[in-house]
Amino acid sequence: MSAVPHLIEPASAPLAARPLLKVEALSLEYATPQRLVRATHEVDFEVLEGDRFVLLGASGCGKSSLLKAIGGFLQPSAGRVLLDGVPVRGPGPDRIAVFQEFDQLPPWKTVLANVEFPLLASRRCGRAEARERALLWLAKVGLADFAHLYPHALSGGMKARVAIARALAMAPRVLLMDEPFAALDALTRRRMQDELLALWEQERFTLIAVTHSIEEALLLGNRVLLLSPHPGRVRAELDAERFGPASLGSREFQAQTQRIHRLLFGSMA
């Protein structure tokens with residue numbers, strides 16, 4: 001396979017900062033009844049502590065596969081993932097994922113019990129501490145008054161908040177989000193984007209998110225990695241620190257959106 005030229009745009013983070021997570025020459029494959037399909041080819045990137053790092057590309061470019069490999073759910077065919085310098089061998093509580101479907105919340109558990117469950121199942125803490133931590137995070141996402149309801153009584157946005165609270169209550173080294181708001185209507189999606197950014201401003205957790213929306217990538221990320229169409233390879237890495245909700249619709253925001261579209265689907269010349 002021929003190499004795809006790519007550009008790295010200088011980020012605002014200090015160059016001397018030690019990466020929390022490194023992906024090195026990562027190639028991922030999966031088998032179909034007919035053949036072996038390569039999802040990504042020799043992907044390299046680094047994520048610093050406190051980054052909001054977004055993987056952006058068209059459907060089928062291997063974004064979700066990369067997230068699964070970081071989570072330890074998919075083993076590479078080549079290359080490796082390092083967390084704090086240690087190779088990732090499998091899933092662990094230091095990497096917690098939030099997916100786009102919130103039916104993953106067990107319907108027979110209350111909101112509080114849903115947030116408590118991974119804390120208890122992983123034996124990270126006892127029952128009293130799990131309850132205290134769960135209530136704290138429900139308050140942080142604005143659901144303290146809904147702790148004793150069941151998921152069927154919640155809106156899509158509220159279920160998303162429960163999933164985020166459940167993940168962050170585990171105090172992971174990295175929060176993984178795979179199209180976290182794709183199943184929500186447009187207005188709720190925008191509100192959840194704003195709420196996630198506000199929560200990050202308070203907590204400064206490390207986020208790696210997947211999206212196929214250029215606008216969402218610029219809103220949520222301080223760094224954006226562009227992946228070429230199948231198989232996914234690094235096309236470019238861009239600094240998006242200057243963008244956010246306040247810049248939505250601005251001339252600079254629209255210009256960067258068009259530039260990203262050209263990088264993803266047009267010529268690199």
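The values are calculated or read from the model by the stated rules, or taken from the named source; none is laboratory data. What you see is a predicted model; the values in this text were computed from it and never measured. Quick reminder, even Gly has a Cβ in these numbers, built from the backbone with ideal geometry, and neighbours come from all protein chains shown.
Let's see how each residue does on (1) modelled with pLDDT of 95 or more; (2) assigned to a helix (DSSP H, G or I):
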{"position": "209", "(1), (2)": "yes, no"}
{"position": "224", "(1), (2)": "yes, no"}
{"position": "229", "(1), (2)": "no, no"}
{"position": "243", "(1), (2)": "no, no"}
{"position": "262", "(1), (2)": "no, yes"}
{"position": "268", "(1), (2)": "no, no"}
**Fill in**
Of the residues in the stretch 138-187, those that are among the charged types (D, E, K, R), in contact with a Ser or Thr (Cβ under 8 Å, 6 or more places away or on another chain) and surrounded by 18 or more Cβ atoms within 10 Å (Cβ to Cβ) come to 178, 179
**Message:** I'm checking my understanding of the structure. Among residues of the stretch 35-59 that are of a type in the set (Lys, Arg) and within 18 Å of residue 230 (Cβ to Cβ), which one is farthest from the chain's Cα centre (by Cα)?
**Reply:** 35
**Request:** Determine if the stretch 103-116 includes at least one residue that is farther than 23 Å from residue 150 by Cα, touching a residue at least 12 places away in the same chain (Cβ under 8 Å) and outside any helix (DSSP H, G or I).
**Result:** no
**Message:** Given the criteria on the phi < 0 side of the Ramachandran plot, in contact (Cβ under 8 Å) with a residue 12 or more places away in the chain, more than 19 Å from the chain's Cα centre (by Cα) and surrounded by 17 or more Cβ atoms within 10 Å (Cβ to Cβ), does residue 205 qualify?
**Reply:** no
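Residue by residue, here is whether (1) surrounded by 22 or more Cβ atoms within 10 Å (Cβ to Cβ); (2) touching a residue at least 60 places away in the same chain (Cβ under 8 Å); (3) of a type outside the set (Gly, Ala, Ser) holds:
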residue	(1), (2), (3)
52	yes, yes, yes
64	no, yes, no
69	yes, no, no
76	no, no, yes
86	no, no, yes
95	yes, yes, yes
121	no, no, no
124	no, no, yes
131	no, no, yes
**Request:** Could you please find all residues in the stretch 170-182 being out of contact with any Asp or Glu (no Cβ under 8 Å at 6 or more places or on another chain), in a loop (DSSP other than H, G, I, E, B) and not charged (D, E, K, R)?
**Result:** 170, 171, 180, 182
